[in-house]
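The values are calculated or read from the model by the stated rules, or taken from the named source; none is laboratory data. Bear in mind that the values here come from a model prediction, so they are computed numbers and not experimental data. Cβ sites come from the backbone with ideal geometry, for glycine too, and all protein chains shown count toward neighbours. For the accessible areas, the whole protein counts, side chains as well, though only heavy atoms, and no ligand, DNA or RNA atoms are used. Shrake-Rupley method; radii C 1.70, N 1.55, O 1.52, S 1.80 Å.
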Amino acid sequence: MTLFLVKRLIMLAATLLVAAVVVFFVLEILPGDPALVMLGVSAQADTLAALRAEMGLDLPAWQRFTNWIGGVVTGELGRSYTYDVPVSELIGERVVVSLPLAVMALTLSTVIAIPLGVIAASRHNRTTDIALTGAAQIGIAISNFWFAILLILLFSVTLRWVPAGGFAGWDAGFWPAIQSLLLPAIALALPQAAILTRVTRSSVLEVLQEDFVRTARAKGLSRRAALWRHAVRNALIPVITILGLQFSFLLAGTIIIENVFYLPGLGRLLFQAIAQRDLIVVKDLVVLLAGTVVVVNFVVDLGYAVLDPRLRSGGGHV
Amino acid sequence: MTLLAIENLCVELDGPDGTLRLLDDVNLFLSKGRCLGLVGESGCGKSMTALAIMGLLPRGMRASGRILLEGEDLLSIGEDRLCGLRGRKMAMVFQEPMTALNPVVPIGRQVAEGLRLHLGLTRHEAELRAGKMLARVGLPVERFPLGLFPHQLSGGQRQRVVIAMALTCGPDLLVADEPTTALDVTVQAQILDLIAELVEEFDMGLVLITHDLGVVAESTDTMSVMYAGKVVEDGPTDEVFQRMAHPYTRGLFAAMPSHSSDLDATRKRLTTIPGRVPDASSRPSGCPFVARCSFATDQCSDAPPPLERLAHRHSASCFNLSRVEGL
Ligand SMILES: Nc1ncnc2c1ncn2[C@@H]1O[C@H](COP(=O)(O)OP(=O)(O)O)[C@@H](O)[C@H]1O
Ligand SMILES: [Mg+2]
């Protein structure tokens, strides 16, 4: 187990380093001078040069890279050019929107998809299955951007149940905050749920062919009991993999969804930072998101070990 | 007293090229506390018969005829009633111990599950009894805690768990489908002995499926020889072995390594039966064995031979019984 953890930590560090190098050099190649953006195109050449020196932009690339990485490692994320506050503060403000949003979306999609997938599999090729598979197919085809707009039209504009956008803030109370996250979470969750339903369905169908399901039936378990008590847990092992992958897509999805719903989250921050060439914010955010993905994959691996005793240590023949 | 009577059992499957008949008019009979051996090469329909008895045929297969367990027709009762019988009145041991157990559930829970279901025991009571049953099949709790998972056991040990699982509720009928085929030779005898002991101790009827005639000779009272979905010869085991009326039975016998040494020259020729069991989709209209039979005549290709009674309870289906036995 210790070895497993050490391996994982090295993986984490390596992934982060690669992400850092990639984002740094991509931004290096992209046109756009942050100093110029800050001062405007009419800026004087000497003012510009002074600002560039102050921001460290005149240093060679490798030196800027090591300065930045050194900062990240020591927890000093630098200062946003546009907001003129420490990046860590910016991230802190935004993460309380994005994290609950992602968790809500992931929970929603899991809670919807797994039972539906199991039910579809248990009614293989019958009306329920065909209807669910069809609905999932539509769900996969829909982009969450378009779906989000439909949701706003229906629930905010027509029914006026929830606000069309913006974030009430946690200070406004738990319920108003959750309410303003509800539609975005649904918009993020449903397309994911559609994929997850299909994965669950095919995984359960596969496990239902296994000998141990027949053994369970031979004991006297009904079809349904054998399904839920014996097949589902085995079927969830591949589903967990997809869940982990989906988390990355969810992060990408938040960038779009937060913009559609005017949510002050990390995705919106990233979008704005790119538009305004607030490079330090972009770099820090990308590394943060990459780190999140790696950590989620780690949690997924732990999930395997919980579901599948063969992956736990201490096995072997008696 | 009759425990199990199978009458005119047919199992059919609709395929892309029409209906396949996997089992064709199978009749079997087993008395309480007795052992019936079911033999034949693989693909003959032995497993289908076992699954039909348990009511666990794969989806899409239809069974017709009657399967009477203590007079109750399993093919006409509902699924709920069948669930009540499976595991309590009739139980099954499968061929593949490596895949027959749920890999993510501890063995104690898997054995206890039937007890909780059929006898309504609490979790604690059920696990206590599961532990006793596991000890009875050679897996004492001190060395094999209930919390072990299947992957921590060898094939033979897993088959012991499967046996414990089948027997926890004290069924009257045990169906064992090639219970040792997947195991090491050294373990096979141990498992067969264990099954024989337990059948005696629990006074169960046993349907023992195997392709090993030696096992049949040693541990069964009656036997049925299956070929291509049909029973081609059946009767009391000693009588069948004495007469071997059907050419296929002779072929199987000659193919047995341990017995071929003391056979006369004629039988030695048959040490392996040439050809293979015809698939359900390509069975001839006459006797299914015709293509591989050294006694075959024109008559054999025209129509399937009826099952002919040779003695009180011994019958075989062959047009050339007198020529076969005349050898
Ligand atoms: N799921 C299935 N679908 C179609 N045919 C099958 C299936 N399972 C078995 N069969 C066919 O049924 C016949 C009998 O198979 P089986 O009972 O498993 O034989 P045995 O147990 O004697 O080796 C074989 O011809 C086999 O090809
Ligand atoms: Mg078989």
| message | Condition check: free of Cβ contacts under 8 Å to residues at least 60 places away in the same chain, open to solvent by 10 Å² or more (accessible area, probe 1.4 Å), within 14 Å of chain B (Cβ to nearest Cβ) and of a type in the set (Val, Ile, Thr). Does residue A:296 satisfy that? | response | no
| Could we say that residue B:25 is away from ligand 2 (no atom under 16 Å from the Cβ), of a type outside the set (S, T, N, Q) and in a strand (DSSP E or B) here? | yes
| request: For segment B:40-58, indicate whether the set of residues that are more than 14 Å from chain A (Cβ to nearest Cβ), within 16 Å of ligand 2 (Cβ to nearest atom), touching a helix residue (DSSP H, G or I) at 6+ places or on another chain (Cβ under 8 Å) and on the phi > 0 side of the Ramachandran plot is non-empty. | output: yes
| remark: Going through (1) touching a Phe, Trp or Tyr at 6+ places or on another chain (Cβ under 9 Å); (2) away from every other protein chain (no Cβ under 14 Å); (3) buried (at least 16 other Cβ atoms within 10 Å of the Cβ) one by one, residue A:166 fails only at (3)
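Here is a yes/no grid of residues against (1) within 13 Å of chain B (Cβ to nearest Cβ); (2) more than 30 Å from residue A:310 (Cβ to Cβ); (3) outside any helix (DSSP H, G or I):
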site: A:181; (1), (2), (3): no, yes, no
site: A:187; (1), (2), (3): no, yes, no
site: A:196; (1), (2), (3): no, no, no
site: A:214; (1), (2), (3): yes, no, no
site: A:243; (1), (2), (3): no, no, no
| So which strands (runs of 3 or more DSSP E) stay within segment B:178-236 end to end and still have 3 or more residues that are open to solvent by 10 Å² or more (accessible area, probe 1.4 Å) and within 30 Å of residue B:61 (Cα to Cα)? | B:230-236
| note | Restricting segment B:46-64 to residues that are within 11 Å of residue B:23 (Cα to Cα) and open to solvent by 30 Å² or more (accessible area, probe 1.4 Å), the one farthest from ligand 1 (Cβ to nearest atom) turns out to be B:64
| remark: Counted residues in segment B:90-104 being over 20 Å from residue B:171 (Cα atoms), of a type in the set (A, V, I, L, M) and within 7 Å of another protein chain (Cβ to nearest Cβ) come to 1
| remark: In segment A:216-230, anything open to solvent by 10 Å² or more (accessible area, probe 1.4 Å) and without any contact (Cβ under 8 Å) to a residue 40 or more places away in the chain is listed as A:217, A:219, A:222, A:225, A:229
| Flag for residue B:117 being facing another protein chain (nearest Cβ under 7 Å), open to solvent by 60 Å² or more (accessible area, probe 1.4 Å) and among the aliphatic types (A, V, I, L, M) | yes
| task | Scan A:48, A:12 and give me the residue that is open to solvent by less than 40 Å² (accessible area, probe 1.4 Å), over 28 Å from residue A:263 (Cα atoms) and in a helix (DSSP H, G or I). | result | A:48
| Single unsatisfied condition, residue B:171 versus (1) open to solvent by less than 30 Å² (accessible area, probe 1.4 Å); (2) within 17 Å of residue A:217 (Cβ to Cβ); (3) more than 9 Å from chain A (Cβ to nearest Cβ); (4) part of a helix (DSSP H, G or I) | (4)
| note | In the set A:266, A:236, A:279, A:251, the lone residue that is touching a residue at least 40 places away in the same chain (Cβ under 8 Å), within 14 Å of another protein chain (Cβ to nearest Cβ) and buried (at least 18 other Cβ atoms within 10 Å of the Cβ) is A:236
